[in-house]
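The values are calculated or read from the model by the stated rules, or taken from the named source; none is laboratory data. Treat the numbers as computed from the prediction; the structure is a model and nothing was measured. Every residue, glycine among them, receives a Cβ derived from its backbone with ideal geometry; neighbour counts consider all protein chains shown.
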């Protein structure tokens, strides 16, 4: 049908209107697209560039070099050594099992270390885990050449802690180890370094107590990675700051000699400068090599240490608690003088035992000592004298004096798990045990038995205070980062000199008088003599029946039922410089076991080196020469420290 002009005009108008509408819609969509493109490409350009950079650029922390620990003469005790290792990030590996199999073909992998690493990778697939440590340079080079075929593998050069003196300082310095989940949980504001793979922190001892100083400040490195996670290049870095160096008060030569002199005994010894509190030797025996713990100790090695009945892992210096035995008697006589219940010249009769509250209390000497004054009570260690002092003085007065002398206190030095010990009194027993204090408790406490427990460190402090008349506290760190730590002296001890002189005189007679209990351990070094007190503490009850038949000697008892042997002393007597305490677990008698060890240690300290034979009585020289020649000393230390110990 032929369309007329009017229809054509109307149809054209409709098409034009639709075209305009469609064009407008298209223009609107185009404008939206252009606007969105501008938003993404211009307005959000920086944000998307950052996201792209984060996918391509990684920031890695640079672990700082740990501070070095030195002895008082500058000998390195804990340092850092360069090591080569290989690590792996599981999520970066195409096939972790295949990669490890290929790695096995290049270097030998320790099976125990590998299994531990695999467990760690299961828990943290995104973090680097060490597969092999302390590789040789040739092994590291071989791995580096084959890295393109080992996805997720990174050969590394790093630093690891080393302890060149081995067992000598295990209980003092401690050791470092890898950061554990518990370490992170215990930290209030965890340092990002703690999350760094293979980062090591102090676990015990000085390493743990001074961790914040020794750790240093982390650096940062920006690196570019490809799609496979391999590092292409380094883009920039901020260097780390090394940890602060630490200087101890310990003398390496004396420490090594003391360790060797204790030998295989389960024992401890502490030597302290009575004028400033510096601990110049602190040994717990037997010891262990802390280097075993740095990379993770094996199960057999740890089990061997843990199950040893001499407890090498136990720090006997501050954790070992022992009845002090007769070494406690100086505290008792000074408490009695303060209470004004005895004069030094008053005599008390010892017939071998006394009866108190329907119970018999024995002296160590079965036949008794006869009439005993204060000096003789110390010289011959008469127990009956102290039973009488306990009844006159009372336990509360004795406890107060013992604490003034440094017993029953957790002294704050840079060791971990420091024990407070126990100086009991009436309130303690009522509070802790819900019982009254009995007179028999006082008698036992007066001879350093019963509830009384002290550590070798506390005994050295007590002896230092008696010797110097100063309120001296132990100090083990001399400086941190070159900044000196304050002296351990708080001022004069608030005790009359006359009381201290009575204790000193009795201690002098213990070693130097004909009937002194440590008469076999006297010496004369260029006119210098020393003073001390023996102690023997029971670890078992002696029944009435056994006493009637005769007390079984220590030599006839199993090792763990023998008495502990103790000795405390100081020298020189006229001008005191050092105090020493020695505790030998289940050693037997203090006079026969602990005193000779303490004598040799004191002579080394006063001589600044090996004790000269002419300092010993002529009758003892052949025996002493044999003992000293058999000691396994570190020759490098002995040659460096002889005559160099600082004042």
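Rundown of residues vs (1) loosely packed, with under 15 Cβ neighbours inside 10 Å; (2) farther than 20 Å from residue 295 by Cβ; (3) touching a residue at least 24 places away in the same chain (Cβ under 8 Å), yes/no style:
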| residue | (1), (2), (3) |
| --- | --- |
| 118 | no, no, no |
| 130 | no, no, yes |
| 134 | yes, no, yes |
| 156 | no, no, yes |
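Assess whether residue 259 counts as being modelled with pLDDT of 95 or more, over 22 Å from residue 320 (Cβ atoms) and not in a loop (DSSP other than H, G, I, E, B).
Working: modelled with pLDDT of 95 or more: yes; over 22 Å from residue 320 (Cβ atoms): no; not in a loop (DSSP other than H, G, I, E, B): yes.
Criteria not met by residue 259.
Being touching a strand residue (DSSP E or B) at 6+ places or on another chain (Cβ under 6 Å), over 16 Å from residue 381 (Cβ atoms) and not in a strand (DSSP E or B), is that true of even one residue in the range 556-573?
Yes; the residues of the range 556-573 include at least one that is touching a strand residue (DSSP E or B) at 6+ places or on another chain (Cβ under 6 Å), over 16 Å from residue 381 (Cβ atoms) and not in a strand (DSSP E or B).
Among the residues of the range 297-323, which ones are under 29 Å from residue 113 (Cα atoms) and in a loop (DSSP other than H, G, I, E, B)?
We begin by selecting, within the range 297-323, every residue under 29 Å from residue 113 (Cα atoms); these are 297-315.
Selection gives 297, 298, 307, 308, 309, 310, 311, 312, 313, 314, 315.
Could you list, ordered by first residue, the pairs with Cβ atoms under 6 Å in which the first is in the range 403-421 and closer than 17 Å to residue 477 by Cβ and in the same structural domain as residue 175 (by TED's automatic domain parsing) and the second is modelled with pLDDT under 95 and surrounded by 22 or more Cβ atoms within 10 Å (Cβ to Cβ), at least 6 apart or interchain?
Short answer, once both residue conditions are applied: none.
Taking the conditions exactly as written (assigned by TED's automatic domain parsing to the domain that holds residue 275, out of contact with any helix residue (DSSP H, G or I) (no Cβ under 7 Å at 6 or more places or on another chain) and not in a loop (DSSP other than H, G, I, E, B)), does residue 487 satisfy them or not? Reasoning before the result, please.
Numbers: assigned by TED's automatic domain parsing to the domain that holds residue 275: yes; out of contact with any helix residue (DSSP H, G or I) (no Cβ under 7 Å at 6 or more places or on another chain): yes; not in a loop (DSSP other than H, G, I, E, B): no.
When the stated conditions are applied, residue 487 does not pass them.
Could you check how many residues of the range 519-538 are modelled with pLDDT of 95 or more, more than 32 Å from the chain's Cα centre (by Cα) and either buried (at least 24 other Cβ atoms within 10 Å of the Cβ) or on the phi > 0 side of the Ramachandran plot (or both)?
So the answer is 0.
What residue, among those in the range 486-518 that are closer than 18 Å to residue 473 by Cα and free of Cβ contacts under 8 Å to residues at least 40 places away in the same chain, is nearest to the chain's Cα centre (by Cα)? Outline the logic, then answer.
Of the residues in the range 486-518, the ones closer than 18 Å to residue 473 by Cα are 486-495, 500.
If we keep only those that are free of Cβ contacts under 8 Å to residues at least 40 places away in the same chain as well, we get 486, 490-492.
Values: 486: 21, 490: 25, 491: 28, 492: 30 Å.
Among those residues, the one meeting the criterion is 486.
For residues in the range 274-296 being assigned to a loop (DSSP other than H, G, I, E, B) and in contact with a strand residue (DSSP E or B) (Cβ under 9 Å, 6 or more places away or on another chain), which is surrounded by the most Cβ atoms within 10 Å (Cβ to Cβ)? Full working, then the answer.
We begin by selecting, within the range 274-296, every residue assigned to a loop (DSSP other than H, G, I, E, B); these are 274-277, 286-290, 295-296.
Still in the list and also in contact with a strand residue (DSSP E or B) (Cβ under 9 Å, 6 or more places away or on another chain): 274-277, 286, 290, 295-296.
Values: 274: 25, 275: 19, 276: 19, 277: 25, 286: 21, 290: 29, 295: 20, 296: 15.
It comes out as 290.
Would you check if residue 523 is assigned to a helix (DSSP H, G or I), touching a residue at least 12 places away in the same chain (Cβ under 8 Å) and either assigned by TED's automatic domain parsing to the domain that holds residue 316 or within 30 Å of residue 611 (Cβ to Cβ) (or both)? Outline the logic, then answer.
On the way: assigned to a helix (DSSP H, G or I): no; touching a residue at least 12 places away in the same chain (Cβ under 8 Å): yes; either assigned by TED's automatic domain parsing to the domain that holds residue 316 or within 30 Å of residue 611 (Cβ to Cβ) (or both): yes.
No; evaluated as a whole, the condition is false for this residue.
Name the residues in the range 357-391 that are at positive phi and in contact with a helix residue (DSSP H, G or I) (Cβ under 8 Å, 6 or more places away or on another chain), would you?
Of the range 357-391, the ones at positive phi are 357-358, 368, 370, 381.
Of everything in the range 357-391, those that are at positive phi and in contact with a helix residue (DSSP H, G or I) (Cβ under 8 Å, 6 or more places away or on another chain) turn out to be 357, 368, 381.
Name every residue in the range 163-182 that is outside any helix (DSSP H, G or I) and surrounded by 15 or more Cβ atoms within 10 Å (Cβ to Cβ), in order of residue number. Please lay out each step first, then the result.
To start, the set of residues in the range 163-182 that are outside any helix (DSSP H, G or I) comprises 163-165, 174-180.
Within the range 163-182, 163, 164, 165, 174, 175, 176, 177, 178, 179 qualify.
Do the conditions hold for residue 100, that is, is it touching a strand residue (DSSP E or B) at 6+ places or on another chain (Cβ under 9 Å), crowded, with 18+ Cβ neighbours inside 10 Å, more than 18 Å from residue 157 (Cβ to Cβ) and touching a residue at least 60 places away in the same chain (Cβ under 8 Å)?
For residue 100, the condition - touching a strand residue (DSSP E or B) at 6+ places or on another chain (Cβ under 9 Å), crowded, with 18+ Cβ neighbours inside 10 Å, more than 18 Å from residue 157 (Cβ to Cβ) and touching a residue at least 60 places away in the same chain (Cβ under 8 Å) - is not met.
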